[in-house]
1. Please give the charge dipole size of segment 1-131, origin at the Cα centre, charges +1 on K and R Cβ atoms and -1 on D and E Cβ atoms. Round to the nearest 20 debye.
2. What do the square roots of 5 times the Cα gyration tensor eigenvalues come to for segment 102-187, in whole Å, largest first, as semi-axes of the equivalent ellipsoid?
3. If you build the Cα gyration tensor of segment 272-423 and take the root of 5 times each eigenvalue, what three semi-axes come out, in whole angstrom, biggest first?
4. Across 10 Å bins from 0, what is the distribution of all Cα-Cα pair distances for segment 53-114, in whole percents?
5. For the pair A53 and R312, what calculated FRET efficiency results from E = 1/(1 + (r/R0)^6), where r is the Cβ-Cβ distance and R0 = 35 Å, to the nearest 0.05?
6. So what's segment 17-146 giving for Cα Rg divided by 2.2 N^0.38 Å, two decimals?
7. Return a whole-number percent for the relative contact order of the chain, with Cα pairs under 8 Å and 6 or more residues apart as the contact set.
8. Considering the dipole of the chain built from charges on the beta carbon (Lys and Arg +1, Asp and Glu -1) around the Cα centre, which of A155, P214, P73 is farthest to its positive end?
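Where a number appears in this text, it was derived from the coordinates with a stated rule and is not lab data. Model, not experiment: these values are computed from the prediction. Neighbour counts are summed over all protein chains in view; Cβ atoms, including those assigned to glycine, are modelled from backbone coordinates with ideal geometry.
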Amino acid sequence: MNILILGSGGREHTFAWKFAQSPLCRALFVAPGNAGTSQLATNVAINVTNFEAIKNFVVSAKINMVVVGPEDPLVLGIYDFFSNDDALKEVMLIGPSKHGAQLEGSKEFAKEFMQRHNIPTAAYRSFTKETILDGLAYLKSTKAPYVLKADGLAAGKGVVILEHLEQAKTELKSMLLDEKFGAASKTVVIEQFLKGIELSVFVLTDGKNYLTLPTAKDYKRISEGDKGLNTGGMGAISPVPFADEAFMQKIENNIVIPTINGLKKDAITYKGFVFIGLIKVDDNPFVIEYNVRMGDPETEVILPRIKTDIVRMLEATAKGTLNTISLEIDPRAATTVMLVSGGYPEAYDKALHITGFENMEGSMAFHAGTTLKDGKIVTNGGRVLAVTSLEEDYKKALKKSYQNIEKIHFEKMYYRKDIGFDL
Ligand code: AMP
Ligand code: GLY
């Protein structure tokens, strides 16, 4: 079949790499893609939220399946756009409906969903401009640290954790009254702080059946020791060593099954990935957040471990027959280390020439912010390359990634040397 991937990061390059190995994939396109995807597929210069342009391309290139990488098009309703259009409704679109995408698009919606379906999560209340006085009083009645979350999408910046009550009050005012995160912070969720170690579990569902994909742990902060500003993700490991069988069973029973059943009970159309951000408190998993897509850089460690034909998996997702698929996972560990441009996640340069790919041995370089300029691969974003390795255990895999990173060069290249330090 002809497949179109929407997005331009390491996640999308990894999908393209995986699809290119499937005998079911005939022509492969990525919109807008990057230098890495252009080596495996045809890049198409279309923005992921330009639904009309996507439609025209899908029709003219006879696309059979569209796989949506990032959340924006999903939250904007690309699934519904396809299913309501006569020319597109037969196209398999992998992702939730606009209703389902609210699990990521609105923290309040997600909290209500969890509460309704008895899914363990932090206690919370939500507030608007009209109820700000109640919000300030609520903060006073709870204990530090204070967790404030802008309800809507805020490019990963909408969660603020503060130690002092006065700071928390000021932050609440700035979110609600000054709309610090624009419309995204018109509603703010204040929730109980949960102390523990984080991990993520990924589920592929057709709305009735599901497959639990490997677990992963990502490293979001820019500096070693999990310090400094938040980023899109600086590295990841799969599987998560502390997620043993007993813990996974709890995740399955207390979280995954109630989530899938909750989608059914609420009549939410959902044919795609559910990314469940978890925190392990004592020995129990709690949900921190849902995302309605795969993670980046988690995809760079999960897909390389999936041996089953992913195109077949996604076709079964679209057709509602995921129960016919058995998942085969590579028992080896995968790690990825993200190479970023100096300055990221604040200002950084672009168009820096990247060299050394040809010297890498035994790792894969998934491209994130790269593009081609005069035939050369140059940087085109903050996160530039994800260097993934698969080995017997995560320590060996990390060693391999770090050995290969030594061979890659661009000006002001930076990466964390301590991925996995807390395991
Ligand atoms: P999110 O954008 O929802 O992934 O939140 C960003 C980060 O904030 C998470 O990865 C956690 O590290 C932290 N976080 C979110 N909610 C909580 C919570 N209730 N307790 C402790 N940490 C939290
Ligand atoms: N790595 C976190 C995310 O994709 O949201």
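1. My answer is approximately 280 debye.
2. Taking √(5λ) for each eigenvalue gives 19, 16, 12 Å, largest first.
3. 30, 19, 18
4. Answer for segment 53-114: a P(r) of 23, 48, 21, 8, 0 percent.
5. E between R312 and A53, to the nearest 0.05, is 0.75.
6. 1.46
7. 17 percent
8. Final value for the positive-end residue is P73.
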